[in-house]
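Encoded as structure tokens, the structure appears first; notes follow it.
The values are calculated or read from the model by the stated rules, or taken from the named source; none is laboratory data. Since this is a predicted model, take the numbers as computed values, not measurements. Here the Cβ positions follow ideal geometry from the backbone for every residue, glycine too, while neighbour counts run over all protein chains shown. When the accessible area is computed, the model is the full protein with side chains, heavy atoms only, and any ligands, DNA or RNA have been set aside. Shrake-Rupley method; radii C 1.70, N 1.55, O 1.52, S 1.80 Å.
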Amino acid sequence: MERTGQRSTKGIRTYKTDYETVFAIFRDIPCEVLHKSLILEQILGKKTHTILFFQVNVMALCLCTRESVKMMRANGVDDGHIININSLSGHRCGKAHFYSATKHAVTALTEGIRWELREINSHIKITSISPGLVKTNFAYTAVGEAAAEECYSTRQSLDPQDIANAIETVLSYPSHVQVSEMMIRPTEQVVSGKSKFQGRHDK
């Protein structure tokens, strides 16, 4: 404990990987300290959602990529192609900033894995496809049926087939051409702080 005037500071060991241990640390902090703190709704409000976003968007992607490369190399495949479905949120920060953080990770991982593949002299390609608003179950799961219906009824969106077509396009290039990143959005979607389309439903 170090005291300076009427204030006091206390160091807390925070290098933890067990979620409950971290939460226990914060439960032990006096209320008079916590009531002055900013509560981050997207990070602390819904623990299961943030963990799920990280597990699906980051960890599952890493594991699937690792196993895919291992399988391809074990079977002598040197012209394979890994396609990561990213998001426009992987290139900007939207209101759903934790979701954006996981998609920024996809952007970084895709480029980092490309480096790793070149380091082992592999010709396996890797591409990130970053869609804007796509009409899927995503919005229904994320914000509920009413908000999702409002989103899709008032905004132009892509169809899943549009993304499938983009994937086919990427796969159609010859072996010496690698598309590292493809951004695809509805023609009417404007990603800007002043756009009437900017909000919680933009991807």
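Among the residues of the range 185-195, are any open to solvent by less than 80 Å² (accessible area, probe 1.4 Å) and modelled with pLDDT of 90 or more? Checked the range 185-195: at least one residue is open to solvent by less than 80 Å² (accessible area, probe 1.4 Å) and modelled with pLDDT of 90 or more.
For (1) open to solvent by 100 Å² or more (accessible area, probe 1.4 Å); (2) assigned to a helix (DSSP H, G or I); (3) at pLDDT below 60, each residue gets a yes or a no:
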residue	(1), (2), (3)
3	yes, no, yes
21	no, yes, no
25	no, yes, no
43	no, yes, yes
54	no, yes, no
66	yes, yes, no
98	no, yes, no
109	no, yes, no
113	no, yes, no
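Summed over the range 68-90, the residues that are crowded, with 16+ Cβ neighbours inside 10 Å and closer than 27 Å to residue 122 by Cα give a count of 12.
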